[in-house]
Amino acid sequence: MSRAPIPAIVVGGYLGAGKTTLINAFLRDPGGVRATVLVNDFGAINIDAGLIENARGDTIALTNGCACCSIGDNLLEAALAATGAAPAPDLLLVEASGVAHPGRIADTLSGVAALAPATCLSVVNGARLARNARDKFIARLFAAQIECADALSLNRFDDAASRFLRENFTRLPPTAAIGDLIAPGARPHRQGRASRTPPESTGYRSQTLTVPSPVALETLERWLRDLPAGVERLKGVVAVDTGAGVVEPRLLSFSQGSYDLTPASPKQAAISGRIIAIIRRGAEAGMAAPEGGRIGQSCQISN
């Protein structure tokens, strides 16, 4: 007897929306669902150490039956490998890049015969909703990420953000959690309710910065404050000299002018010294690495 198609969910949303937080929460309590999660960067997924059963190559197996796999350079190949595993997962989750159009990823997944039509779940950060919707560089992509979705996950919303969402977006899908979209009887896949045609490319580039030596905390924070306009996102782990010769690995997360430097887990500390930047086209010229670091390769990002 043939197996029923495997549900697939694309978790999208603009940079800093909270996609990783949403996926982590699901992995901590998947409700018995054996999910495979395709992610761009293991370093950004802070999986509780107690959940990790083993880590081999591009896959981290969890004790609850779930797994995290690196997308690498080819989403279609990663999805085919994940669904062809034995036993096959109950659910495939794909974490989209913050500058990606989730509909394009859903279309790519249609080439995997084992999958049901993918559902797009877009995460929206209410604290940045008005700013992103009014930003001339990203407004079209931001709106498309919301209006192409089958469901929304609202993060950091208050009454003002809820009102702005209702008043400025005409095609609002319902809100839902990951578990809601795979519950018995759920019919989340919206067939043609909103166009999934991607907007024109917004011209983003991904750039790798290497920081092999410890950086003084004050120096690193000054560098973050002085970043040129157009640097949208930074993620990485840096060895930070906090003073008196004490060096600690810190997880760096920067999004649209705001940043956090939090203690890194042992797994994250193992990849210390690398920062991934997402930059709008034209901003590369003003980009410099932190003191003692260097700028590596740059590549165009397709949305």
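Quick look at the values:
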{"read-out": "Leu76/Ala160 FRET efficiency (R0 41 Å; Cβ-Cβ; nearest 0.05)", "value": "0.50"}
{"read-out": "Modelled FRET efficiency - R0 41 Å, Arg171 with Ala25, Cβ distances, 0.05 increments", "value": "0.95"}
{"read-out": "For the stretch 204-301, convex hull volume per residue from C-alpha positions, Å³", "value": "88"}
{"read-out": "Rounded, prolate or oblate (a/c below 1.5 giving rounded, otherwise prolate when a/b exceeds b/c) for the stretch 71-171 by Cα gyration tensor", "value": "prolate"}
{"read-out": "Table column - 3J(HN,Hα) (Hz), the stretch 18-26, Karplus curve with 6.51, -1.76, 1.60, x for Gly and Pro", "value": "x, 4, 5, 4, 5, 5, 4, 4, 5"}
{"read-out": "Relative packing of 145-157, 239-251, which averages over residues the other C-beta atoms within 10 Å, highest first", "value": "145-157, 239-251"}
{"read-out": "About the Cα centre, charge dipole magnitude for the stretch 204-301 (Lys/Arg +1, Asp/Glu -1 at Cβ), debye", "value": "400"}
{"read-out": "Spatially proximal lysines relative to Lys267 (Cα-Cα < 24 Å; intrachain offsets below 8 disregarded)", "value": "Lys19, Lys235"}
{"read-out": "Approximate spin-label separation Trp223-Asp107, in nm, with each point projected 7 Å along Cα-to-Cβ", "value": "3.8"}
{"read-out": "Listed peptides 118-125, 205-212, 14-21 by packing density, highest first (mean Cβ within 10 Å)", "value": "118-125, 14-21, 205-212"}
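We did not get these values from a lab; they are worked out from the coordinates using the rules stated. Since this is a predicted model, take the numbers as computed values, not measurements. All Cβ positions, even for glycine, are placed from backbone atoms using ideal geometry, and neighbour counts span all protein chains on display.
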